[in-house]
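To keep things clear, I will list the structure first and then write my remarks on it.
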Amino acid sequence: MKRFQYLLFALAAVTVSLVATSCGEDEVPTPVNDPPSMTFLSTDPTSVNGDYQTTSFETDLAGQTIYVGLDAVQGTGALQSLQVTENDEKVSTDRLSFRDLSDGSEITANNSLLITGTNVEGFQMEVGIQLQSDFSTSTYAFILTDENGETTSLSLDVTT
């Protein structure tokens, strides 16, 4: 009888250890979303508008148009939109122009600009901005967002 009790005890111990260490739910790893990246271009690869502004600067051309070149590359997600702001406010579309530098084509100005086609993987784009008309300093920011909501931005200050 004692032998049977030892056998029963051993069986119970094995059962408890199997139940206690059985597989639980596997942890699902949190996906890593790398944000997009963006840099200023210093020259127009199509040679239409010459050198681009890449740093903050002063000008006496209040109300005139400047051109900025952007080179963007997707992170984990496809690129979705580009927004241009002046002092944290959207720049009105009548003060903006966009040109795809891969083929020189004009892009209809929207702010935020929806990114489509092969540009969702990355692009080189020219942004024309009509400067503020008063004599002041404005910060112009270029905010790039991907489909995962990840963002990156560049900015420059323009004093007129």
Handout entry: Matching strands (runs of 3 or more DSSP E) fully within the range 48-141 where at least 3 residues are under 15 Å from SER153 (Cα atoms) and modelled with pLDDT of 90 or more
Key = 65-73, 79-86, 122-130
Handout entry: Filter result (of a type in the set (S, T, N, Q), closer than 16 Å to ILE129 by Cβ and surrounded by 13 or more Cβ atoms within 10 Å (Cβ to Cβ)) within the range 23-76
Key = ASN49, GLN53, THR54, SER56, THR65
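How about the range 142-160: which of its residues are of a type in the set (Gly, Ala, Ser) and assigned to a loop (DSSP other than H, G, I, E, B)?
We begin by selecting, within the range 142-160, every residue of a type in the set (Gly, Ala, Ser); these are 149, 153, 155.
Matches in the range 142-160: GLY149 only.
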Practice task
Could you check ARG99 against (1) of a type in the set (D, E, K, R); (2) within 22 Å of LEU61 (Cβ to Cβ); (3) out of contact with any Asp or Glu (no Cβ under 8 Å at 6 or more places or on another chain); (4) surrounded by 14 or more Cβ atoms within 10 Å (Cβ to Cβ) and say which number it fails?
Solution key: (3)
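Any residue at all in the range 22-37 that's outside any loop (DSSP other than H, G, I, E, B), closer than 25 Å to THR151 by Cα and at pLDDT 90 or above?
In the first step, residues of the range 22-37 are kept if they are outside any loop (DSSP other than H, G, I, E, B); the result is 37.
Then drop every residue that is not closer than 25 Å to THR151 by Cα, which leaves 37.
Now narrow it down to the ones that are at pLDDT 90 or above: 37.
Among the residues of the range 22-37, at least one is outside any loop (DSSP other than H, G, I, E, B), closer than 25 Å to THR151 by Cα and at pLDDT 90 or above, which makes the answer yes.
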Fill in the blank from the handout: Scanning the range 120-160 residue by residue, those more than 15 Å from GLY69 (Cα to Cα), surrounded by 15 or more Cβ atoms within 10 Å (Cβ to Cβ) and either within 16 Å of the chain's Cα centre (by Cα) or aromatic (Phe, Trp, Tyr) (or both) turn out to be VAL120, THR145, ASP146, GLU147, ASN148, GLU150, THR151, THR152
Exercise for the section: Mind counting the residues in the range 124-153 that are hydrophobic (A, V, I, L, M, F, W, C) and under 17 Å from ASP34 (Cα atoms)? Expected result: 2
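The values are calculated or read from the model by the stated rules, or taken from the named source; none is laboratory data. Predicted, not measured: the structure shown is a model, and the values here were computed from it. Neighbour counts are summed over all protein chains in view; Cβ atoms, including those assigned to glycine, are modelled from backbone coordinates with ideal geometry.
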